[in-house]
Amino acid sequence: MDYFSILVVDDEVDFLDTITKRLQKRNINTSGVTSAEEALKLMDKRLFDVVVLDIKMPGGMDGIEALREMKRKAPLTEVILLTGHASVETSIEGMKLGAFDYLLKPVKFEDFMVKLGEAFEKKDQHEQKIRKAKIQELIRHPGRVFHQDKDQE
Ligand SMILES: [Mg+2]
């Protein structure tokens, strides 16, 4: 699973350390940061398959604002929200804005892995759809596609 990359964003350092270590043990390429600002900075440099975002973090940017910014920066990256019972409403709002799903804290590692798997699968299917559409476009209008590709270089 080395080709999957995940970013975990949570202000609780113990949780972040534990989850990061357990994912790395499974050979999942995992980064962990403690604020939305750090996460967004990292997303400017690297592409992640899945971001796991704690919706309640002290100070700075709130969870929904961070989610909006993440989806703007990397629309194909799936975002799983971490939420407490008190902020389920916020997570529902987040899902309307494009978050893949949410997990209630405290999170069981098994549940975390299942959700992560689903998010990877969704991203993979989405990317396959885009590839297929590109191929179809190539078959229908070979000139146009080649021309566009050239422009992007
Ligand atoms: Mg928190």
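Computed from the coordinates by the stated procedures, all read-outs in this text should not be read as laboratory data. As the structure is a prediction and not an experimental result, all values here were calculated from the model. Positions of Cβ are backbone-derived with ideal geometry, glycine not excepted, and every protein chain shown enters the neighbour counts.
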Ranking Ile139, Ile92, Ile28 by Cβ neighbours within 10 Å, fewest first, what do you get? Ile139, Ile92, Ile28
Obtain the nm distance between the two label points defined at Met113 and Leu138 by a simple spin-label model: each point lies 7 Å from its Cα along the Cα-to-C-beta direction. 3.7 nm
Dipole magnitude (debye, nearest 20) for the stretch 5-125, charges at Cβ of Lys, Arg, Asp, Glu: 380 debye
Ellipsoid semi-axes in whole angstrom, largest first, where each is sqrt(5λ) of the Cα gyration tensor of the stretch 42-98: 19, 12, 10
Using modelled amide H (1.01 Å from N, peptide plane; none on Pro or chain starts), what sits under 5 Å from the amide H of Met57, excluding residues fewer than 5 places away? Gly63
Could you pull out every residue, at least 5 positions away or on a different chain, whose amide H is within less than 5 Å of the one on Thr30? Hs are placed 1.01 Å off N in the peptide plane, and Pro or chain starts have none. Ile6
Could you calculate the FRET efficiency of Glu12 with Arg72 from 1/(1 + (r/R0)^6), where r is the beta carbon distance between them and R0 is 30 Å, rounded to 0.05? 0.70
Distance between modelled label sites at Leu104 and Leu47, nm, 7 Å Cα→Cβ extension: 3.6 nm
Exceeding 22 Å between C-alpha atoms, which entries from my cross-link table qualify? They are Lys25/Lys71; Lys21/Lys71; Lys45/Lys73. Lys25/Lys71; Lys21/Lys71
Between Lys129 and Lys56, what length in nm is gained on full extension when 0.36 nm per residue of separation is reduced by their alpha carbon distance? 22.9 nm
Per principal axis, descending, Cα span of the chain in whole Å: 54, 31, 25
